[in-house]
Amino acid sequence: MLHPSLSIAVALSLSACARHTTVSTAHQHVDNPGRRVVSAEAIERTGARTAWEALQRTVPFFLFKDGNNGSAGRIEHRGRSSIMLRDQPMIVMDGVELNDFAPLSVMPAYDIEQIEVLSGIDATTYYGTGATKGVIRITTKAAGS
């Protein structure tokens, strides 16, 4: 049987190691709980034709609702929401915030280099309190070169 203070130290060490693990799945790369990266290869594997479809198929924690004419509509955070606070994540494409999502429904998915999803403290650290529901950063191949 371990000494109580030794078992606490071991438990703390293991929990610290668990935070810095890297998990890679077929669609995304997670290097910390507040940041997920979806590569161009993962987007291609989904069969998405537009950037809007790529977001729908690869970005977790958000609901992507189509508009009346099949174009990009609303993006909502899954789970609890507020009637007072902004419910949509901030969408940033090549460093510019998008206020209208319609261009995403006509932009080809193969133009996307990567999609990065920031949540929680990571989102507010980079983008301030307007990003409390998260940030979806889209980097296009033209900007990446």
* If we scan region 133-141, do we find a residue that is at pLDDT 90 or above, under 14 Å from the mean Cα position of the chain (by Cα) and either part of a loop (DSSP other than H, G, I, E, B) or not hydrophobic (A, V, I, L, M, F, W, C) (or both)? -> yes
* Structure fact -> For region 109-137, the count of residues that are in contact (Cβ under 8 Å) with a residue 12 or more places away in the chain and among the polar types (S, T, N, Q) equals 3
* Asked: If you take the residues of region 118-141 that are of a type in the set (Lys, Arg) and within 24 Å of residue 48 (Cα to Cα), which of them is least open to solvent (accessible area, probe 1.4 Å)?
  -> 137
* Inspect all residues belonging to region 95-117 and state whether any of them is touching a helix residue (DSSP H, G or I) at 6+ places or on another chain (Cβ under 6 Å), open to solvent by 10 Å² or more (accessible area, probe 1.4 Å) and farther than 19 Å from residue 38 by Cα. => no
* To do: Could you give me the residue pairs with C-beta distances under 7 Å whose first residue belongs to region 87-100 and is at positive phi, whose second residue is open to solvent by 40 Å² or more (accessible area, probe 1.4 Å) and in a strand (DSSP E or B) wherever it lies, and which are 6+ apart or on separate chains?
  => 94/139
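The values are calculated or read from the model by the stated rules, or taken from the named source; none is laboratory data. Note that the coordinates shown come from a computational prediction; the quantities given were computed from them, not determined experimentally. When we count neighbours, we look across all protein chains shown, and the Cβ atoms used for this are built from the backbone with ideal geometry, even at glycine. When the accessible area is computed, the model is the full protein with side chains, heavy atoms only, and any ligands, DNA or RNA have been set aside. Shrake-Rupley method; radii C 1.70, N 1.55, O 1.52, S 1.80 Å.
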